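To start, the structure itself, in structure tokens.
The values are calculated or read from the model by the stated rules, or taken from the named source; none is laboratory data. Quick caveat, the model's predicted, so the values are computed rather than measured. Ideal geometry is used to build each Cβ from the backbone, glycine not excepted, and the neighbour counts take in all protein chains shown. SASA here: full protein model, heavy atoms, side chains in, ligands and nucleic acids out. Shrake-Rupley method; radii C 1.70, N 1.55, O 1.52, S 1.80 Å.
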Amino acid sequence: MDGVTATGVRADARIVARADGRGGTALPVLDSDGPLALRRTRADGARAKVMLVGAMSGPLGGDRFSLTASVAEGARLHIGSAAATLALPGQTKDEARYDVRLDVADGAELHWLPEQLISARGSDLKVTTRAELAAGARLVLREEQVLGRAGEEPGRLTSRLTVRVAGRTVLDQELASGPGAPGGWDGPAVLAGHRAVGQLVVVRPEFAEHPVEARPLGECAALIPLAGPAVLVSAVAPDALRLRRLLDEAIAPFNGT
Amino acid sequence: MARAALLVLADGRFPAGGHAHSGGAEAAVKAGRITSAASLEDFCRGRLHTAGLVAGALAAAAVLGVDPAELDAAADARTPSPALRAAARRLGRQLLRAARAGWPSPELDALAREFPKGAHQPVVLGLAARAAGLGPDDAAYCAAYESVSGPATATVRLLSLDPFDATGALARLAPELDRVADRAVEAARRAAAEGTDALPAASGPLLEVGAQWHAAWPVRLFAS
């Protein structure tokens, strides 16, 4: 952390995972930074597990957070978080930023399964998540946004998710919500009053030859094969609990990777 | 070249098959999310700022000479729903046929060869505008307007909505349409300089999810 400045906190956390040569995964780099505290937890077989622990609340207005995870050939890594991330208003009127960059090499696997991002009233956060995968990489990625705490108006949240496989973009989606977002965000084409929205992406090389069939999961969620070796579950729900249930059910057939 | 070509291209009677698609309105009506002129306007506003902005930027970038294959791939990544991707390609194919009749050009011929099953409609729209001598702003306006005029016309049929009310909703969206077209052209210029990652990726989750739900119905009035 470069420290706390007049405009906010800057924190850059970094994780590197490598095959340890004995069938497990080593973490030669596990750099926490300020509010982004990383803890290694008990491995799950060959898969190393890292927990993102919020050491202080945030991101607040003006903060700049980034998290980079690189999973090298043959390594398997699971990243979760201990609690939801809460975007809050800061001292400054500047927007906060949170950039997540995930790189997964051939034969490597990453599970990026953080808890929800909650956009509290008066906050202004821009999140980007960019996953860069080699042709033979595997990924399970979940992102969930909750617009406002219980009964609260949401803050402004812009979130862009980009997934690239072998240099080709297979998914690029941005959602803007809250006060100041382009019109219609809460209307019938975008969220229609739902306060929880989520995406779950599974990338596997074998989907290239055995594509998954599309499946609607009611009018508010769908399992969708993307233009590439990947599937997406996209869902909106009234609240975080029901969103998680929808995503969990949709992903069940792909568990045990 | 003739600016009036824009009127030909944007005319609802241009034989490009758009009338068979509701732009997500049929699913939204069935789900009870469009019930009136006011909710139609809100639906159109949301579609304009998401799918409309992306379509406008793709079309404007095609006019500026960005590689159509790259734009088509960018459109795929920004359209997760396979039902919507298939609809966009069908519409692209039909538009290309009409455009080649109106403004024959080697670029349109090349596009037909490269995408026998059709390229994404906004990419074709941009190349058609380019063949007609129109500018990136013209193409962006045309794409952005189509993103709202389709659902408005469809809702008149689906809900027996008063056509005057639907027209009123479209007229009230005009100032926002100006802003979306401006943003689309700005993004297209960035894409021409920096690559297609600079294109907007604004999305409406219910448009994508609703399209998959709609595609699974045994009987429907509109193709998408």
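Descriptive notes on the structure:
- Being in contact (Cβ under 8 Å) with a residue 12 or more places away in the chain, of a type in the set (S, T, N, Q) and out of contact with any Gly (no Cβ under 7 Å at 6 or more places or on another chain) is a property that does not hold for A:THR41.
- Residue satisfying all of: in region A:142-158; buried (at least 20 other Cβ atoms within 10 Å of the Cβ) and not in a strand (DSSP E or B); farthest from the other protein chains (Cβ to nearest Cβ) among these: A:GLY155
- Matching residues, region A:224-241, being at the interface with chain B (Cβ under 8 Å from one of its Cβ atoms) and among the hydrophobic types (A, V, I, L, M, F, W, C): A:ILE224, A:LEU226, A:ALA227, A:LEU232, A:ALA235, A:VAL236
- If the condition is being open to solvent by 20 Å² or more (accessible area, probe 1.4 Å), more than 11 Å from chain B (Cβ to nearest Cβ) and either aliphatic (A, V, I, L, M) or under 19 Å from A:LEU247 (Cα atoms) (or both), then region A:183-213 contributes A:ARG195, A:ARG204, A:ALA208.
- Within region B:103-123, not a single residue is aliphatic (A, V, I, L, M), open to solvent by 70 Å² or more (accessible area, probe 1.4 Å) and either over 27 Å from B:LEU207 (Cα atoms) or out of contact with any His (no Cβ under 9 Å at 6 or more places or on another chain) (or both).
- Take the conditions (1) more than 16 Å from the chain's Cα centre (by Cα); (2) modelled with pLDDT of 95 or more; (3) small (Gly, Ala, Ser); B:ALA2 misses just one of them, which is (2).
- Near pairs, Cβ below 9 angstrom, 6+ apart or cross-chain, from region A:189-211 (at positive phi) to any residue that is modelled with pLDDT of 95 or more and in a strand (DSSP E or B): A:ALA192/A:VAL236
- Taking the criterion of being within 10 Å of A:ALA87 (Cβ to Cβ) and either of a type in the set (Ser, Thr, Tyr) or in contact with a strand residue (DSSP E or B) (Cβ under 6 Å, 6 or more places away or on another chain) (or both), the residues of region A:108-125 that qualify are A:LEU117, A:ILE118, A:SER119, A:ALA120, A:SER123, A:ASP124, A:LEU125.
- For region B:41-83, residues that are within 9 Å of chain A (Cβ to nearest Cβ) and not small (Gly, Ala, Ser) total 15.
- Each residue in region B:11-40 was checked for being within 12 Å of chain A (Cβ to nearest Cβ), open to solvent by 10 Å² or more (accessible area, probe 1.4 Å) and out of contact with any Leu (no Cβ under 7 Å at 6 or more places or on another chain), and 9 of them qualify.
- Exactly one residue out of A:ASP103, A:ASP99 is open to solvent by 10 Å² or more (accessible area, probe 1.4 Å) and in contact with a Phe, Trp or Tyr (Cβ under 8 Å, 6 or more places away or on another chain), and it is A:ASP99.
- Any hit, region A:225-246, residues being of a type outside the set (Val, Ile, Thr), open to solvent by 40 Å² or more (accessible area, probe 1.4 Å), under 21 Å from B:GLY46 (Cβ atoms) and in contact with a Pro (Cβ under 9 Å, 6 or more places away or on another chain): no
- For A:GLY62: the one exception among (1) surrounded by 17 or more Cβ atoms within 10 Å (Cβ to Cβ); (2) without any contact (Cβ under 8 Å) to a residue 40 or more places away in the chain; (3) out of contact with any His (no Cβ under 9 Å at 6 or more places or on another chain): (2)
- Residue satisfying all of: in region A:47-84; part of a loop (DSSP other than H, G, I, E, B) and at pLDDT 90 or above; nearest to the chain's Cα centre (by Cα) among these: A:ALA84
- Within region B:209-224, considering residues that are open to solvent by 20 Å² or more (accessible area, probe 1.4 Å), touching a residue at least 12 places away in the same chain (Cβ under 8 Å) and facing chain A (nearest Cβ under 9 Å), the one nearest to the chain's Cα centre (by Cα): B:ALA215
- Residues being open to solvent by 10 Å² or more (accessible area, probe 1.4 Å) and in a helix (DSSP H, G or I) - total across region A:247-257: 6
- Restricting region B:154-208 to residues that are within 12 Å of another protein chain (Cβ to nearest Cβ) and not in a helix (DSSP H, G or I), the residue that is surrounded by the fewest Cβ atoms within 10 Å (Cβ to Cβ): B:GLY195
- Filter result for A:GLU213 (under 29 Å from A:SER119 (Cα atoms) and at pLDDT below 95): no
- In region A:130-141, the condition of being more than 14 Å from chain B (Cβ to nearest Cβ), over 20 Å from B:HIS49 (Cβ atoms) and not aliphatic (A, V, I, L, M) is met by at least one residue.
- Single residue of region A:159-182 satisfying the filter (aliphatic (A, V, I, L, M), within 10 Å of chain B (Cβ to nearest Cβ) and in a strand (DSSP E or B)) that is farthest from A:TYR98 (Cα to Cα): A:VAL170
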